[in-house]
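The values are calculated or read from the model by the stated rules, or taken from the named source; none is laboratory data. Source: prediction; values computed, not measured. All Cβ positions, glycine included, derive from the backbone under ideal geometry; neighbour counts span all protein chains shown. These area figures cover heavy atoms from the full protein model, side chains too; ligands, DNA and RNA do not enter into them. Shrake-Rupley method; radii C 1.70, N 1.55, O 1.52, S 1.80 Å.
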Amino acid sequence: MRTAPHPLVQLVVGPAEHGVTAAALAQWAVLRHDPGTRLVRAPAQPGADGLLAALREVPAGTVHVHVTDRLFGRSPEEAADVLVELADGRDVVVTLHDLPQASDGARNLPRRSEAYRRVAQAARHVVVASRHEERLLRACGADVPCSVVPLPVPDLTHAPAAAPATPLRAVAVLGYLYPGKGHEQVLAALDALPSGAGLTAVGRPSDGHEDLVAALADQARAVGRTVEVTGFVPDADLPAVLRSPVLPVAPHEHLSASGSINAWTGAGRRPLVPRSDYVTELEERTPGALWVYDPGTLGEALARAWARPELTWAPPGTVPGPSVATTVELLRPVLAGVPA
């Protein structure tokens, strides 16, 4: 049910191509039609002074901000300082992304956990994108009101699709290149495929990890394969790339939410994904939309998919979701302070 209009400032930080920023802007495209809403845009790592100055230029209201620590500071501690100061004396709702988990490592896990705990405790309400993320938030020590609003699935079907049985030309991984994303594991598993099969990395390296392009090229040469890094793909061109005859894989084994998986399913594809708690949630939401393999069996899954390319397309009748509009409907009561 739609709630009554409520003064709202949607504070969006970071470059538009960043997944967290893109999700915030997609919600804003719907929220902007509500009376009393305002948008405040800020660069990545804007600092508390910059954010507070920008907020002084718009009418007071609930401030909703999508948060991943790397957009708000050079360290988890700095990001938490900025956001805690932002929330001081204000009605702030935070949508948290990239929740801390064991894959952050022994050094960064406690630092990020403490930062997320501080941000969550400072906000009036916290939103996360999965039940798995809610559990990760509790593990940070944050005992706070929390709602689950899944990441929206974009409609990326507005481009011609390859015929489902068209032979595949490459294995494709979508999204930023960064350690742990899974590109290396895909390259290592390509020995299960014919000699001409290579890896296409659809995206660019995340800031600070530009060296991964050369590292992947070296690994590909060592195993006799090819790797192509496309660089950033504009939104207008992405549907055609995802609906081309490539084998879609989202190999990250430590996901708590995934815009990449949503983009594949939004383009009508059935990506290969490793089994996890989060993937179980996605299967419950849209049965049959994913090709789930057990960790350690990527090569076998690639071989089966390469032989049956039609199975990498969504089965007839599959409607992935939720849409952006649906996520906003779930979010409105939280922003208005209406109990669920």
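Condition first: surrounded by 15 or more Cβ atoms within 10 Å (Cβ to Cβ) and touching a residue at least 60 places away in the same chain (Cβ under 8 Å). Can you find one or more residues in the range 220-227 that meet it?
Among the residues of the range 220-227, not one is surrounded by 15 or more Cβ atoms within 10 Å (Cβ to Cβ) and touching a residue at least 60 places away in the same chain (Cβ under 8 Å), which makes the answer no.
Any chance the range 261-283 includes a residue that's surrounded by fewer than 16 Cβ atoms within 10 Å (Cβ to Cβ), acidic (Asp, Glu) and without any contact (Cβ under 8 Å) to a residue 40 or more places away in the chain?
Within the range 261-283, one or more residues are surrounded by fewer than 16 Cβ atoms within 10 Å (Cβ to Cβ), acidic (Asp, Glu) and without any contact (Cβ under 8 Å) to a residue 40 or more places away in the chain.
May I ask you to list the residues in the range 286-340 that are within 21 Å of VAL153 (Cβ to Cβ), open to solvent by 40 Å² or more (accessible area, probe 1.4 Å) and charged (D, E, K, R)?
Hit for the range 286-340 is GLU329, nothing else.
Do you know which residues across the range 133-154 are of a type in the set (Gly, Ala, Ser) and assigned to a strand (DSSP E or B)?
Passing the criteria: only SER147.
Would it be correct to say that GLY196 is open to solvent by 50 Å² or more (accessible area, probe 1.4 Å), of a type in the set (Gly, Ala, Ser) and touching a Lys or Arg at 6+ places or on another chain (Cβ under 9 Å)?
Yes: the conditions hold for GLY196.
Go through LEU39, LEU51, LEU99, LEU71 for me and flag whichever is more than 23 Å from HIS209 (Cβ to Cβ), of a type in the set (A, V, I, L, M, F, W, C) and open to solvent by less than 40 Å² (accessible area, probe 1.4 Å).
Every option except LEU51 fails the conditions.
Exactly one condition in (1) touching a helix residue (DSSP H, G or I) at 6+ places or on another chain (Cβ under 7 Å); (2) at pLDDT 95 or above; (3) closer than 30 Å to GLY337 by Cα; (4) open to solvent by 30 Å² or more (accessible area, probe 1.4 Å) is not met by ARG135; state its number.
(1)
Taking the criterion of being modelled with pLDDT of 95 or more, more than 24 Å from the chain's Cα centre (by Cα) and in a helix (DSSP H, G or I), would at least one residue in the range 206-214 satisfy it?
yes
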